[in-house]
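Single-structure report; data block below.
The values are calculated or read from the model by the stated rules, or taken from the named source; none is laboratory data. No experiment lies behind these values; they were computed from the predicted model shown. All Cβ positions, even for glycine, are placed from backbone atoms using ideal geometry, and neighbour counts span all protein chains on display.
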Amino acid sequence: SAVISQKPSRDICQRGTSLTIQCQVDSQVTMMFWYRQQPGQSLTLIATANQGSEATYESGFVIDKFPISRPNLTFSTLTVSNMSPEDSSIYLCSGIGAVNTEAFFGQGTRLTVV
Amino acid sequence: AQSVTQLDSHVSVSEGTPVLLRCNYSSSYSPSLFWYVQHPNKGLQLLLKYTSAATLVKGINGFEAEFKKSETSFHLTKPSAHMSDAAEYFCVVIGSGGSYIPTFGRGTSLIVHP
């Protein structure tokens, strides 16, 4: 199974600033995703991170607010731009293995915007 | 399209009694199904997975789940609840031959009373 290292694990940020979250996988995964988990809620898909091309965003999420990069098969970043208190959430990255489609998750980034 | 429904937002049991967390799925293809647990302020931990092998799947910490295609269900059970089982549980579906995006249920909060 794959291990996903996600950092930072938590941060407190000023409104109007941006934060970049990184995910590094210890083996190749076929697909990578970014999720948001707002307090007391389930995980909502933000986008699918595509290697070497623009991410595919879900309804309600836009590239200007959540730019995503995936330069290779094992690394991806999510930036939360121009943050407001409403962006306070846990952000998780996920990868799908090539063999049995099991999903692997980072430990999450707990973001608080003040 | 695929979707997953966790029928209960909260389940309350006494320590030592059985646990049943219900999950129904909808998928156009043979899915892979997972249960994850999230303890307070912790990351997601895989409990068990079904990927088209045995329909009765045993996981960690005494949990098991049975895949019932005719009922499109994947309910999670445990014979005897422990206080440490108190957490949020997520049922996740990944479709084969179609969408490989992990789709989460809304989550079920398991409360264990002494």
(message) Checking A:Leu111 against (1) more than 13 Å from chain B (Cβ to nearest Cβ); (2) over 23 Å from B:Arg106 (Cβ atoms), only one condition comes out false. Which one?
(response) (2)
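Has segment B:22-31 got any residue that is part of a strand (DSSP E or B), in contact (Cβ under 8 Å) with a residue 12 or more places away in the chain, within 11 Å of another protein chain (Cβ to nearest Cβ) and surrounded by fewer than 19 Cβ atoms within 10 Å (Cβ to Cβ)? So that I can check it myself, show each step before the final result.
Here is the first cut: in segment B:22-31, the ones part of a strand (DSSP E or B) are B:23-26, B:31.
Applying the additional criterion that residues be in contact (Cβ under 8 Å) with a residue 12 or more places away in the chain yields B:23-26, B:31.
Right, trim to within 11 Å of another protein chain (Cβ to nearest Cβ) and you get B:31.
If we keep only those that are surrounded by fewer than 19 Cβ atoms within 10 Å (Cβ to Cβ) as well, we get none.
Checked segment B:22-31: no residue is part of a strand (DSSP E or B), in contact (Cβ under 8 Å) with a residue 12 or more places away in the chain, within 11 Å of another protein chain (Cβ to nearest Cβ) and surrounded by fewer than 19 Cβ atoms within 10 Å (Cβ to Cβ).
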(request) Pull up segment A:24-37, narrow it to residues that are farther than 21 Å from A:Val113 by Cα and within 14 Å of another protein chain (Cβ to nearest Cβ), then point me to the one that is nearest to the chain's Cα centre (by Cα). (result) A:Phe33
(message) I'm checking my understanding of the structure. Among residues of segment B:58-84 that are among the charged types (D, E, K, R) and under 14 Å from B:Leu48 (Cβ atoms), which one is surrounded by the most Cβ atoms within 10 Å (Cβ to Cβ)?
(response) B:Lys78
(message) Among the residues of segment A:38-63, what is the count of those that are within 13 Å of chain B (Cβ to nearest Cβ) and in contact with a strand residue (DSSP E or B) (Cβ under 7 Å, 6 or more places away or on another chain)?
(response) 14
(request) Could you list all residues from segment B:32-47 that are over 16 Å from B:Asp85 (Cβ atoms) and more than 12 Å from chain A (Cβ to nearest Cβ)? (result) none
(message) Restricting to segment A:7-32, give me the number of residues that are within 25 Å of B:Gly95 (Cβ to Cβ), in contact with a strand residue (DSSP E or B) (Cβ under 8 Å, 6 or more places away or on another chain) and modelled with pLDDT under 95.
(response) 5
(request) Give just the number: which of (1) within 11 Å of the chain's Cα centre (by Cα); (2) more than 21 Å from A:Gly97 (Cα to Cα) does B:Leu110 not satisfy? (result) (1)
(request) Could you list all residues from segment A:4-42 that are under 20 Å from B:Phe104 (Cα atoms) and not in a strand (DSSP E or B)? (result) A:Val29, A:Thr30, A:Gln38, A:Pro39, A:Gly40, A:Gln41, A:Ser42
(message) Every residue in segment A:70-108 that is surrounded by fewer than 17 Cβ atoms within 10 Å (Cβ to Cβ), free of Cβ contacts under 8 Å to residues at least 40 places away in the same chain and either within 14 Å of chain B (Cβ to nearest Cβ) or of a type in the set (Ser, Thr, Tyr) (or both), please.
(response) A:Val99, A:Asn100
(message) If I ask for residues that are in a loop (DSSP other than H, G, I, E, B) and at pLDDT 90 or above, which ones from segment A:74-105 would you list?
(response) A:Thr74, A:Ser81, A:Asn82, A:Met83, A:Ser84, A:Ser88
(message) So in segment B:2-21, with the set limited to residues that are in a loop (DSSP other than H, G, I, E, B) and of a type outside the set (D, E, K, R), which one is nearest to the other protein chains (Cβ to nearest Cβ)?
(response) B:Ser9
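One line per residue, one yes/no per condition, for (1) without any contact (Cβ under 8 Å) to a residue 24 or more places away in the chain; (2) away from chain A (no Cβ under 14 Å); (3) not aliphatic (A, V, I, L, M):
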| residue | (1), (2), (3) |
| --- | --- |
| B:Lys49 | yes, no, yes |
| B:Glu64 | yes, yes, yes |
| B:Lys78 | no, yes, yes |
| B:Val93 | no, no, no |
| B:Ser99 | no, no, yes |
| B:Thr103 | no, no, yes |
| B:Gly107 | no, no, yes |
| B:Leu110 | no, yes, no |
